[in-house]
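Some notes on the structure that comes next.
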Amino acid sequence: MRIAVTTPMGHVGRHVTSMLIRSGVRPLLLARRPENVTPGLRKHADIVKANSTDPAQVTAATQGVDAIYWVDPSVMSSDPLADYTLATEALVKAVTANGIGRVVFQSSIGAEKRHGVGEIDGLAGTEVALDTLDVDVTHLRCGYFFTNLLLDIDAVRQGQLTTVLPLDQPMSWVAPRDIAEVASLTLLNTQWHGHRVQAVHGPQDLSWRQVAETLTAHVGHQVHAEQITDTEMLQRYLAAGMAPMMADAILGMSTGLRDGFRPEQPRTLATTTPTTLTSWIHEELIPVL
């Protein structure tokens, strides 16, 4: 089975790539910058240059592919939702033109709302487009990545986490490696068919206050969580150099999951993954603090 992997050096994609290799598969890696793929992978994978927002490149790169792990590229942009639309068009064209029979799409909790969840609206658009195709599709509705804490590592160092969510509102937090495990097993399992949603919820729901308490217990200094206003958070994003539409899209991912939101998929054995925040802190966060 020929399996293509997008974002092969990303937080999830790098684990998908190595897991497929360990399973005996030689994956096809679609990379915007193939030169950045680590040398050790080159003996075990095929690498092709492809920008995920370019339909011609993606279609040419995926000829002969049976299954694809797809991630809509998330980059700093002046119009992120337009970029998601381009990526969706590229994926649909490639799947249709090349007869790709199976797609595992990395989506997010909140995509079920379809609108009003900022950047996640772009993922919802991809879900909708894929569900019009007569191919097997699994949407992975993932929780909040542990690795998002690395995006503001200075705040962790300074002991101050900020959010626009209520501090005691629980939500699913998940390790990217666990998402990769679910994605890889889904790619390799040929027994499922049709259109399906698979949530990836991590080991337990956590509030921002609980995350701060866990960090405090393991990083060697006090970490506090603080809820700030939407306006203040937006101003912080703009001050960091985000374009206005990008800042709105990032903020919307939090505000859209507020005010009584409940994920469409309840937590079950099938959606619960093992890596705890504590183990992730020791494996990935502490080494960079």
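The values are calculated or read from the model by the stated rules, or taken from the named source; none is laboratory data. Owing to the predicted nature of the structure, the values given are computational and were not obtained by experimental measurement. No Cβ is skipped: glycine too gets one built from the backbone with ideal geometry, and neighbour counts run over all protein chains shown. Surface accessibility is based on the protein's heavy atoms, side chains included, excluding ligands, DNA and RNA. Shrake-Rupley method; radii C 1.70, N 1.55, O 1.52, S 1.80 Å.
Of the residues making up segment 199-251, not one is among the small types (Gly, Ala, Ser), closer than 19 Å to PHE261 by Cα and open to solvent by 60 Å² or more (accessible area, probe 1.4 Å). Restricting attention to segment 9-44, the residues being in contact with a strand residue (DSSP E or B) (Cβ under 6 Å, 6 or more places away or on another chain), farther than 19 Å from ILE100 by Cα and hydrophobic (A, V, I, L, M, F, W, C) number 1.
If you go through segment 93-134 and pick out every residue that is open to solvent by 10 Å² or more (accessible area, probe 1.4 Å), hydrophobic (A, V, I, L, M, F, W, C), over 23 Å from ILE179 (Cα atoms) and not in a loop (DSSP other than H, G, I, E, B), you end up with 1.
Based on this model, can you work out whether GLN222 counts as in a loop (DSSP other than H, G, I, E, B) and polar (S, T, N, Q)? So GLN222 fits the description; yes.
The number of residues in segment 240-272 that are aliphatic (A, V, I, L, M), in contact (Cβ under 8 Å) with a residue 40 or more places away in the chain and assigned to a helix (DSSP H, G or I) comes to 6.
Could you tell me which residue of segment 24-46 is nearest to ASP72 (Cα to Cα), considering only residues that are buried (at least 17 other Cβ atoms within 10 Å of the Cβ), over 21 Å from the mean Cα position of the chain (by Cα) and modelled with pLDDT of 95 or more? Please lay out each step first, then the result.
Applying the first criterion (buried (at least 17 other Cβ atoms within 10 Å of the Cβ)) to segment 24-46 yields 25, 27-32, 37, 41, 45.
From what is left, the residues that are over 21 Å from the mean Cα position of the chain (by Cα) are 25, 41, 45.
Applying the additional criterion that residues be modelled with pLDDT of 95 or more yields 25, 45.
Numbers: VAL25: 23, ALA45: 21 Å.
The qualifying residue nearest to ASP72 (Cα to Cα) is ALA45.
Scanning segment 178-198 for residues that are buried (at least 21 other Cβ atoms within 10 Å of the Cβ) and of a type in the set (A, V, I, L, M, F, W, C) yields ILE179, ALA180, VAL182, ALA183, LEU187. Checked against (1) at pLDDT below 95; (2) touching a Pro at 6+ places or on another chain (Cβ under 9 Å), HIS201 meets all criteria but (1). Residue-level check: of (1) basic (Lys, Arg); (2) part of a strand (DSSP E or B); (3) over 20 Å from the mean Cα position of the chain (by Cα), ARG236 misses just (2). Restricting attention to segment 137-173, the residues that are part of a strand (DSSP E or B) and either touching a Cys at 6+ places or on another chain (Cβ under 7 Å) or buried (at least 18 other Cβ atoms within 10 Å of the Cβ) (or both) add up to 13.
So for segment 74-90 (the condition being closer than 21 Å to ARG141 by Cα, in contact (Cβ under 8 Å) with a residue 24 or more places away in the chain, touching a Lys or Arg at 6+ places or on another chain (Cβ under 6 Å) and hydrophobic (A, V, I, L, M, F, W, C)), does at least one residue qualify? No, every residue in segment 74-90 fails to be closer than 21 Å to ARG141 by Cα, in contact (Cβ under 8 Å) with a residue 24 or more places away in the chain, touching a Lys or Arg at 6+ places or on another chain (Cβ under 6 Å) and hydrophobic (A, V, I, L, M, F, W, C). When THR7 is tested against (1) touching a residue at least 12 places away in the same chain (Cβ under 8 Å); (2) surrounded by fewer than 19 Cβ atoms within 10 Å (Cβ to Cβ); (3) not charged (D, E, K, R), exactly one condition is not met: (2). Beta carbons closer than 6 Å, at least 6 apart along the sequence or on distinct chains, pair a first residue in segment 57-71 that is closer than 13 Å to ASP136 by Cβ with a second that is small (Gly, Ala, Ser) and part of a strand (DSSP E or B) for ILE68/ALA4. Filtering segment 174-219 to residues that are part of a helix (DSSP H, G or I), farther than 20 Å from ARG267 by Cβ and β-branched (Val, Ile, Thr) leaves THR216, VAL219. Selection of segment 65-89 for residues being under 19 Å from ALA183 (Cβ atoms) and of a type in the set (A, V, I, L, M, F, W, C) yields VAL65, ALA67, ILE68, TRP70, VAL71, ALA87.
Working only within segment 127-152, note down all residues that are at pLDDT 95 or above and of a type in the set (A, V, I, L, M). Talk me through it step by step, then tell me what you get.
Residues of segment 127-152 at pLDDT 95 or above: 127-150.
Answer for segment 127-152, where residues must be at pLDDT 95 or above and of a type in the set (A, V, I, L, M): VAL128, ALA129, LEU130, LEU133, VAL135, VAL137, LEU140, LEU149, LEU150.
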